[in-house]
Amino acid sequence: MNPATDEILDYKKISWTLYNARKKAGVVKFSYGDGFIWIEFNDGRIYLYTEKVSGIDAINRMKQLAEQGEKLSTFINQNDKVRDNYVTRYAWRDGAFRKF
């Protein structure tokens, strides 16, 4: 799977972790690895952020906030370097997560 070029996201191939299930939050799930983080927001959109695009410090901070279950959506929305600098995004359309 190459999310930079794939039109449809294979959602089941990502090992998701629930974000803070105790609270209503802007983030629902996340998944990360070496140099990247996937984030699913409560509106159903899924974004991929990478060190190359968003910066290593931002990705490391996002991973930390994801694990803490606090303030991840706030960090993204208040940080211009992160908010508009993602690799790709997907939304549920026509029975699949499609790039938009």
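The values are calculated or read from the model by the stated rules, or taken from the named source; none is laboratory data. The structure presented is a predicted model; accordingly, all values stated were derived computationally and were not measured. Neighbour counts are summed over all protein chains in view; Cβ atoms, including those assigned to glycine, are modelled from backbone coordinates with ideal geometry.
Quick rundown of the values:
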| item | result |
| --- | --- |
| Test: residue in the range 20-28 that is of a type in the set (D, E, K, R) and either touching an Asp or Glu at 6+ places or on another chain (Cβ under 7 Å) or in a strand (DSSP E or B) (or both) | no |
| Verdict on LYS23 being over 17 Å from GLN78 (Cα atoms) and free of Cβ contacts under 8 Å to residues at least 40 places away in the same chain | no |
| Candidate set from the range 28-52 (those that are loosely packed, with under 13 Cβ neighbours inside 10 Å and of a type in the set (D, E, K, R)); member that is modelled with the lowest pLDDT | ASP43 |
| Residues of the range 58-79 classified as of a type in the set (D, E, K, R) and at positive phi, total | 1 |
| Residues of the range 75-100 classified as without any contact (Cβ under 8 Å) to a residue 12 or more places away in the chain and assigned to a strand (DSSP E or B), total | 1 |
